[in-house]
1. Residues of segment A:315-338 being surrounded by fewer than 19 Cβ atoms within 10 Å (Cβ to Cβ) and without any contact (Cβ under 8 Å) to a residue 60 or more places away in the chain, which ones?
2. I'd like to verify a number: residues in segment A:441-451 that are surrounded by 16 or more Cβ atoms within 10 Å (Cβ to Cβ) and either aromatic (Phe, Trp, Tyr) or within 17 Å of the chain's Cα centre (by Cα) (or both), how many?
3. Name the pairs: first residue in segment B:209-230 and closer than 20 Å to residue B:174 by Cβ, second residue of a type in the set (Lys, Arg) and open to solvent by less than 10 Å² (accessible area, probe 1.4 Å), Cβ to Cβ under 6 Å, at least 6 apart or on different chains?
4. Failed condition for residue B:342, given (1) more than 18 Å from residue B:79 (Cβ to Cβ); (2) open to solvent by less than 70 Å² (accessible area, probe 1.4 Å); (3) assigned to a helix (DSSP H, G or I), with all others met?
5. Quickly run through segment A:81-119 and pick out the residues that are crowded, with 20+ Cβ neighbours inside 10 Å and among the hydroxyl-bearing types (Ser, Thr, Tyr).
6. Within segment B:313-346, how many residues turn out to be over 22 Å from residue B:109 (Cβ atoms) and among the hydrophobic types (A, V, I, L, M, F, W, C)?
7. For segment A:306-347, enumerate the residues that are within 13 Å of chain B (Cβ to nearest Cβ) and either hydrophobic (A, V, I, L, M, F, W, C) or farther than 30 Å from residue A:267 by Cα (or both).
8. Can you name the residue in segment A:408-422 that is in a loop (DSSP other than H, G, I, E, B) and buried (at least 17 other Cβ atoms within 10 Å of the Cβ) and, of all such residues, is nearest to the other protein chains (Cβ to nearest Cβ)?
Amino acid sequence: MATFDYAPAPESRAVVDLQPSYGLFIGGEFVDGSGEAFKTINPATEETLAEVAEASADDVDRAVKAARAAYRGVWGRMSGADRGKYLFRIARIMQERSRELAVLETLDNGKPIKESRDVDVPLAAAHFFYHAGWADKLGYAALGPDPRPLGVVGQVIPWNFPLLMLAWKIAPALACGNTVVLKPAETTPLTALLFAQICQQADLPPGVINIVTGAGATGQAIVDHPGIDKIAFTGSTRVGKMIAREIAGTRKRATLELGGKAANIVFDDAPLDQTIEGIVNGIFFNQGQVCCAGSRLLVQESIADDVERRLKRRLATLRVGDPMDKNTDVGAINSRRQLDRITELSAAGEAEGAIRWDTDCPLPKNGFWFRPTVFTGVSQSHRIAQEEIFGPVLSVLTFRTPAEAVAKANNTPYGLSAGVWTEKGSRILWMADQLRAGVVWANTFNQFDPTSPFGGYKESGYGREGGRHGLEAYVRTGGAA
Amino acid sequence: MSVPDTVVGTRLDPAVDATPDPLARARDLLGVSRLSDTALTRWLHALPGVDQVGAEARAASLGTRSIKAASKAWAIDLAISMIDLTTLEGADTPGKVRGLAARALNPDPADPSTPSPAAVCVYGDMVPFAREVLQGSTVRIAAVATAFPSGRASMPVKLADTRDAVANGADEIDMVIDRGAFLAGHYRQVFDQIVAVKEACRRPDGTSARLKVIMETGELVTYDNVRRASWLSMLAGGDFIKTSTGKISPAATLPVTLIMLEAVRDWREATGQQLGVKPAGGIRTSKDAIKFLVAVNEVAGPDWLDNHWFRFGASSLLGDLILQRQRLAIGAYSGADYVPDDSPGIY
């Protein structure tokens with residue numbers, strides 16, 4: 001061995017007890033769905049992991065009724081302190097079963113085990129711990145007079161962080177006294193179903209959490225159901241707009257967390273080595289399938305060549321492959337459909353004249369894979385600078401002055417997140433003030449914490465998740481009906 | 001932005017003259033006619049800053065690499081071969097130094113395939129005793145000099161200390177920089193001292209002992225200082241940049257070593273010259289050593305995975321590496337009594 005070859009270090013999948021088929025979780029029990037069962041596959045190998053029931057409109061109706069009964073009978077009238085106990089219990093069980101959750105998440109999603117183990121699962125548990133603490137303190141959260149639950153909440157979540165998005169949705173809803181009907185994405189339902197088992201293990205009263213699996217039609221049934229008081233959705237801007245249209249004129253409230261095209265802005269006085277790490281983490285974390293990914297790198301022209309050279313050198317050390325290997329940095333794309341979209345948009349980038357570069361690393365034969373890719377010479381009018389690619393593809397643009405950086409960063413229909421890299425504190429504050437983005441990271445990127453609100457400007461949606469602000473989405477106050 | 005013709009592991013601008021005169025080279029690199037404190041300050045303070053949180057996060061993420069099986073066996077042997085087996089105590093005796101040297105020649109009597117450490121590292125007056133045992137072997141003799149560990153002595157004393165060690169047969173000299181001068185911003189003074197010690201490393205036959213420059217990063221405190229001291233030491237002609245004396249805590253942390261690996265990587269890109277890195281102090285377990293090797297591999301690159309370019313300054317690390325090596329060979333832990341120890345505690 002002439003070089004340092006890291007031998008494969010695969011995580012064992014024995015810890016996961018995969019069943020051949022899964023039903024819906026309604027009223028505290030697993031029941032058959034009346035729709036046509038569908039398969040969920042491992043995107044890294046294309047092997048079928050399990051069959052999952054599809055919830056029809058009737059099934060969704062049953063779930064909403066169960067949630068309403070639980071809301072009226074138990075959860076809505078339970079004291080905050082008691083709700084908090086359940087949330088603490090769920091959080092602890094998630095920690096105890098963290099390896100199982102991490103392995104299952106990686107199998108179903110394709111993300112590296114390193115990330116599900118170190119990011120997704122611990123953060124999901126942290127969200128339950130955090131909101132457990134709020135459950136009996138809502139009156140002191142400055143939400144307004146007499147904060148009360150909304151009732152039954154319909155939640156539709158995406159496939160990029162299946163368990164974490166579930167936690168972002170369910171933890172505040174339960175803490176505020178609501179009951180839930182949640183639909184995980186059709187390509188990644190398994191950790192939500194394992195979470196349903198955790199709810200059973202925690203003796204959560206039946207009907208407080210209902211998990212209905214299925215695709216768009218199931219989500220539509222939730223949005224359309226008259227018994228739902230509020231919709232919380234994370235996903236594409238296209239679907240988010242559809243939901244907003246559907247519920248217009250109804251009593252339903254909504255929070256929408258949609259797409260993004262974040263600018264990661266690098267000034268010439270940035271701490272370069274850490275900036276390179278931040279750029280990599282910004283766009284290649286979770287294969288770039290992150291709504292707040294730093295997909296547009298705006299770099300000051302005077303250091304652009306140096307940054308590009310250092311970035312490419314760093315990318316050459318990324319390890320792409322088996323997500324179950326503990327040394328893998330970049331895993332599989334979640335689905336064929338997503339891979340096709342990334343492929344199509346990258347081809348468009350090339351056709352429009354941007355210069356394409358990738359790491360040229362070997363890729364596994366089966367499964368859905370896309371090499372970490374960098375486009376240079378990108379201009380604002382290119383599709384790859386405007387549209388959300390949702391993949392490991394970075395578009396590099398340059399700027400000359402802070403004002404130009406702000407203008408280019410804001411020149412997008414989205415406004416979810418942004419990053420600023422500079423050693424000058426005053427500039428960080430000025431930039432944060434100017435950028436129309438829900439989150440601005442300074443000298444870091446893609447950092448999440450349950451105490452910090454997250455959400456978008458413009459077409460990135462509305463409402464906040466996490467922190468004290470996130471509670472507002474799940475309570476009504478004062479005289480509001 | 002143009003696509004650069006050099007991407008990975010290649011040398012950027014080999015134009016800098018590799019003249020033996022460090023002062024001329026420094027003026028050339030800085031583009032100044034006089035190497036003043038001001039010129040050095042301008043140059044060192046223009047290096048990109050280090051974000052502490054980001055640097056520590058990167059080090060932590062390198063520490064999560066999982067090294068198994070054949071790779072682990074290879075890494076353990078590499079780590080053994082990179083050790084500067086060290087004893088630097090007031091209580092050192094010829095007997096102890098001879099014992100240490102014998103251990104370097106034959107680190108595991110039960111398994112002659114075990115590689116030898118790169119060097120033994122002792123005080124200058126102990127060099128002759130190490131030499132008795134090591135003469136003719138591949139194991140080098142390194143000596144600490146320049147009023148180690150504090151460096152608080154006048155230049156003539158430091159230079160005499162160095163010349164004495166070289167005359168006694170030291171192959172390598174581990175000097176300390178004047179941290180006081182560095183922290184006071186007297187960069188030219190630090191530069192001149194390194195240049196002078198390097199000159200004192202020269203033997204009558206024209207060859208030179210290799211010079212390791214100890215920055216004592218625990219006293220420099222900030223990562224920005226570590227980066228600046230690294231570049232200053234490289235500019236002045238050090239062959240190695242070394243973290244610590246082992247007498248100050250914290251000593252060789254992974255983030256500090258990461259900053260130094262970035263420095264030698266970027267120095268090679270800027271000048272074409274490859275220099276070595278030596279973390280010393282506080283690295284005691286195989287697990288730690290492997291984390292450092294992962295950092296070498298991924299930050300500086302595989303070119304540095306060689307004991308000519310990377311060393312561990314350590315006394316107890318060898319024992320744990322031997323223990324792990326035996327475990328890989330026989331599938332079970334043997335125990336401390338199966339690893340010879342020539343430097344047990346005496347108190």
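The values are calculated or read from the model by the stated rules, or taken from the named source; none is laboratory data. Remember, predicted model here, so these are calculated numbers, not experimental data. We place every Cβ from the backbone using ideal geometry, glycine too, and count neighbours over all the protein chains shown. In case anyone asks, the SASA skips ligands and DNA or RNA and just uses the protein heavy atoms, side chains included. Shrake-Rupley method; radii C 1.70, N 1.55, O 1.52, S 1.80 Å.
1. The answer is A:316, A:317, A:318, A:336, A:337.
2. Here is the first cut: in segment A:441-451, the ones surrounded by 16 or more Cβ atoms within 10 Å (Cβ to Cβ) are A:441-446, A:448, A:450.
With the extra rule that they be either aromatic (Phe, Trp, Tyr) or within 17 Å of the chain's Cα centre (by Cα) (or both), the set shrinks to A:441, A:445-446, A:448, A:450.
Qualifying residue count, segment A:441-451: 5.
3. Within 6 Å, the pairs are B:212/B:242; B:212/B:278; B:214/B:242.
4. Just one mismatch for residue B:342, condition (3).
5. If the condition is that a residue be crowded, with 20+ Cβ neighbours inside 10 Å and among the hydroxyl-bearing types (Ser, Thr, Tyr), then A:86, A:106, A:116 are the ones that fit.
6. Selection size over segment B:313-346: 1.
7. To start, the set of residues in segment A:306-347 that are within 13 Å of chain B (Cβ to nearest Cβ) comprises A:306-319, A:322, A:324-329.
If the condition is that a residue be within 13 Å of chain B (Cβ to nearest Cβ) and either hydrophobic (A, V, I, L, M, F, W, C) or farther than 30 Å from residue A:267 by Cα (or both), then A:307, A:311, A:315, A:316, A:318, A:322, A:324, A:325, A:326, A:327, A:328 are the ones that fit.
8. A:422
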